[in-house]
Amino acid sequence: VYQNLRLDAEAEPLLQEAVADWRALGEDGALGLAESLNKLGRLYGQQMRQDDAVAAYEEALALRRAALGETHGDVGELLNNLSLIRIQQGNYAAAESLLYEALSMIDAPEGGHGHAGAMYYNLAYVVQYRGAFEEAEALYRESLTRLRTEHGPDHPNVLYALQALADVLADQGDLPAADSILQQVVAQTRRIHGATSVDYAFALIDQGRIRAEQRRFDEAIALQQDALAILRSSYPMPHPNLALGIEALGLAYNQAGRYGPAAEALRESLAMRRRLFHGVHPDVSNNLGNLGFVLRRSGDYAEAEALFREALAMDIELYGEAHREVATGLHNIAQIRLAVGDTVQAVVLHEQALAMRRQLFGAHHPHLAVSLTSLGLIRQAQGDRAGAERYLAEALAIRRALHDGDETHPAVRAARDRLDALRIP
């Protein structure tokens with residue numbers, strides 16, 4: 001959810017004034033101070049000021065623990081909010097720990113507070129991030145059950161959880177099930193909000209993404225075009241949601257192999273985001289990477305590399321030196337270096353990405369398998385069959401672990417075919 005940036009700028013001094021007023025009351029103002037710090041933490045999170053957000057949330061958390069006890073619902077709310085900042089920072093292990101702590105208190109007399117559905121949703125997201133897709137699916141389903149109980153079947157958070165469930169099913173290769181859920185979301189959103197609403201446009205965008213994954217490219221592009229028409233009507237001026245719709249259409253064109261219109265759309269969304277955000281921002285970084293990917297596929301390696309390097313620098317500034325987006329940036333530049341014949345630098349960058357992904361994800365994650373496969377194919381091209389087999393065998397083992405040994409899963413089959421081809425004398 002985007003907030004007007006001017007209102008953000010106006011809100012901060014008002015919240016700081018409230019914090020100062022509550023502090024002046026001493027113990028009598030403890031809970032008021034905690035609530036003002038909570039609001040300030042949310043504002044800092046929206047502004048990507050993670051360190052400031054953590055400081056505000058941690059002080060608020062200490063105040064609520066002292067005043068309300070360890071298992072009160074308001075303590076759980078702050079644990080959940082702090083976890084969202086840890087996710088922003090890429091510290092998923094800390095986020096997961098905070099969420100488990102928050103969920104451990106929901107059955108306490110004062111622990112429920114109506115946030116359990118959101119907490120399960122956030123935990124599912126973190127678990128999905130580390131590649132435990134079946135566990136994430138179970139958590140999303142629990143989130144759905146609780147959100148429906150807390151808010152009713154037509155609440156926006158229920159629809160968000162359905163969309164997330166579809167996403168994790170797609171991660172597991174069950175695209176028909178994901179598509180079925182998104183058809184439900186589209187119909188439900190249209191019934192609740194109407195066929196010209198922004199919410200309906202977002203539902204169409206998600207359905208279009210799954211149709212593209214199913215290689216139903218004409219349908220995917222049509223859905224994204226319909227969504228974008230709604231967004232252009234809703235936002236006559238530049239707006240983050242409009243940029244998102246333009247980017248989604250560009251990505252659909254890219255998946256269909258239509259690189260010209262893909263690049264055109266992604267340049268438009270990038271220009272809009274630069275105008276909106278004025279510098280370092282996650283949406284700008286992601287857009288840079290997506291445009292770079294299209295240009296790489298169309299053979300414009302020089303501009304693609306420049307975009308990837310700009311995105312990498314931005315991600316390091318946003319998230320620090322060790323983050324999934326930083327690893328992706330290293331991988332993207334490595335692929336460009338390989339394409340232009342700079343194999344030595346490509347290997348160095350791929351090895352850096354691999355080491356970072358091992359640190360971030362542990363033993364089993366799709367991104368880890370991608371890095372291993374890239375290095376294995378380079379070793380194979382260099383004639384190092386033993387080195388190639390070592391990388392490709394580990395990549396296959398990860399794919400099998402992720403998909404419960406299902407030898408028919410497309411990712412498992414592709415990894416096995418690569419290893420089998422290497423072993424042919």
(request) Give segment 115-125 a look and list any residue that's under 12 Å from the mean Cα position of the chain (by Cα) and without any contact (Cβ under 8 Å) to a residue 40 or more places away in the chain, or say none. (result) 125
(request) Determine which member of the set 321, 389 is of a type in the set (D, E, K, R) and in contact with a Gly (Cβ under 9 Å, 6 or more places away or on another chain). (result) 389
(request) Can you work out which of the residues in segment 278-320 that are modelled with pLDDT under 95 and in a loop (DSSP other than H, G, I, E, B) is farthest from residue 340 (Cα to Cα)? (result) 278
(message) Of all residues being buried (at least 20 other Cβ atoms within 10 Å of the Cβ), out of contact with any Phe, Trp or Tyr (no Cβ under 9 Å at 6 or more places or on another chain) and not β-branched (Val, Ile, Thr) in segment 61-78, which is modelled with the lowest pLDDT? Just the residue, please.
(response) 73
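Table: residues versus (1) assigned to a helix (DSSP H, G or I); (2) without any contact (Cβ under 8 Å) to a residue 12 or more places away in the chain.
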residue: 93; (1), (2): yes, yes
residue: 100; (1), (2): yes, no
residue: 107; (1), (2): no, yes
residue: 128; (1), (2): yes, no
residue: 135; (1), (2): yes, yes
residue: 141; (1), (2): yes, no
(request) Give the residue that is farthest from the chain's Cα centre (by Cα), with candidates limited to residues of segment 147-174 that are of a type in the set (Gly, Ala, Ser) and within 21 Å of residue 106 (Cα to Cα). (result) 152
(message) I'm told residue 262 meets every condition in (1) crowded, with 16+ Cβ neighbours inside 10 Å; (2) within 23 Å of residue 47 (Cα to Cα) except one. Can you identify the failing condition by its number?
(response) (2)
(message) Quick check on residue 157: is it in contact (Cβ under 8 Å) with a residue 40 or more places away in the chain and in contact with a Gly (Cβ under 8 Å, 6 or more places away or on another chain)?
(response) yes
(message) Being over 24 Å from the mean Cα position of the chain (by Cα) and basic (Lys, Arg) is the filter here; which residues of segment 214-257 pass it?
(response) 232
(request) Take residue 178 and decide whether it is in a helix (DSSP H, G or I), crowded, with 18+ Cβ neighbours inside 10 Å and not polar (S, T, N, Q). (result) yes
(request) Read through the list (1) surrounded by 20 or more Cβ atoms within 10 Å (Cβ to Cβ); (2) at pLDDT 95 or above, then give the number of the only condition that residue 90 fails. (result) (2)
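The values are calculated or read from the model by the stated rules, or taken from the named source; none is laboratory data. Keep in mind it's a predicted model, so treat the numbers as computed, not measured. Here the Cβ is made from the backbone with ideal geometry for all residues, glycine too, and neighbour counts use every protein chain on show.
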